[in-house]
Amino acid sequence: LLKDFFSELLSCAPWETEHLEAFTRAWANAKASKIKELAMPLRMALTGAKVSPGIFEVAALMGKDEVRRRLAGYDFL
């Protein structure tokens, strides 16, 4: 589930906070999942912590290439 989500997340355009969050909410809803089941692993992969600033803001600020690198480092891609 997470690998599918992360792969599709990386295809988002534009790579902006609001778009990333809207995509994640829609994806979770379509898969009968909860947003926290997607956002928490993303938060851990990007920040290494359970608590951080808004994860979609973090992802937008890091940029798509850095997010891809960190997700690949955890074998999420």
Open item on the list: I'd like the full set of residues that are within 17 Å of Leu2 (Cβ to Cβ), over 11 Å from the mean Cα position of the chain (by Cα), open to solvent by 90 Å² or more (accessible area, probe 1.4 Å) and modelled with pLDDT of 95 or more, limited to the range 35-77.
Closed with: Arg69
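Quick check on my filter: what residues within the range 36-62 are among the small types (Gly, Ala, Ser) and touching a Phe, Trp or Tyr at 6+ places or on another chain (Cβ under 7 Å)?
To start, the set of residues in the range 36-62 that are among the small types (Gly, Ala, Ser) comprises 39, 45, 48-49, 52, 54, 59-60.
Result: Ala45, Ala60.
For the range 1-34, how many residues are among the polar types (S, T, N, Q) and part of a loop (DSSP other than H, G, I, E, B)? Please lay out each step first, then the result.
Keep residues of the range 1-34 that are among the polar types (S, T, N, Q), which gives 7, 11, 17, 24, 29, 33.
Those left that are additionally part of a loop (DSSP other than H, G, I, E, B): 11, 33.
Of the residues in that region, 2 qualify.
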Task: the range 5-25, residues that are loosely packed, with under 13 Cβ neighbours inside 10 Å and either among the aromatic types (Phe, Trp, Tyr) or farther than 20 Å from Leu77 by Cβ (or both) - done: Pro14, Glu18
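The values are calculated or read from the model by the stated rules, or taken from the named source; none is laboratory data. In this text the structure is predicted, and so the values were computed from the model without any measurement. Neighbour counts run over all protein chains shown; Cβ positions are idealised from the backbone, glycine included. Calculation scope for accessible area: heavy atoms of the full protein, side chains included, ligands and nucleic acids excluded. Shrake-Rupley method; radii C 1.70, N 1.55, O 1.52, S 1.80 Å.
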